[in-house]
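The values are calculated or read from the model by the stated rules, or taken from the named source; none is laboratory data. Everything numeric in this text was worked out from a predicted model, so none of it was measured. Neighbour counts run over all protein chains shown; Cβ positions are idealised from the backbone, glycine included. Note: areas computed on protein heavy atoms with side chains; ligands, DNA, RNA excluded. Shrake-Rupley method; radii C 1.70, N 1.55, O 1.52, S 1.80 Å.
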Amino acid sequence: MARLMNIGFGNVVNTAKVVAVVGPDAAPIKRMVQNARQAGRVIDATQGRRTKSVIITEEDHIVLSALQPDTLVKRFRLNVEELKGETDEA
């Protein structure tokens with residue numbers, strides 16, 4: 001079952017499609033974002049603010065968020081725990 005996670009400013013991602021949440025400062029991540037931007041696979045959800053996290057999806061899309069990776073991971077964990085609770089009840 002698909003769960004949506006808020007990544008800031010009313011933007012959401014499907015948690016079932018998220019592969020990784022990483023910081024944007026490492027050189028390999030910067031190259032990955034630049035290559036994806038050139039290929040048209042970047043979704044900028046920062047609303048003009050500084051990019052603080054990069055979300056990598058199964059389809060090789062890159063989602064940029066203005067929230068810290070720690071914040072997104074906490075939200076992801078809450079979504080996973082809620083999903084487990086629903087499957088336990090069923």
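There is no residue in the range 73-85 that is in a helix (DSSP H, G or I), among the acidic types (D, E), open to solvent by 30 Å² or more (accessible area, probe 1.4 Å) and at pLDDT 95 or above.
Between K74, K52, K17, K30, the distinction of being on the phi < 0 side of the Ramachandran plot and touching a helix residue (DSSP H, G or I) at 6+ places or on another chain (Cβ under 9 Å) belongs to K52 only. Note on the range 16-49: residues that are within 16 Å of L67 (Cα to Cα) and in contact with a strand residue (DSSP E or B) (Cβ under 8 Å, 6 or more places away or on another chain) amount to 11.
Total residues in the range 55-70 satisfying the condition of being touching a residue at least 12 places away in the same chain (Cβ under 8 Å) and open to solvent by 50 Å² or more (accessible area, probe 1.4 Å): the figure is 5. Residue count for the range 21-72, restricted to those that are among the basic types (K, R) and assigned to a loop (DSSP other than H, G, I, E, B): 4.
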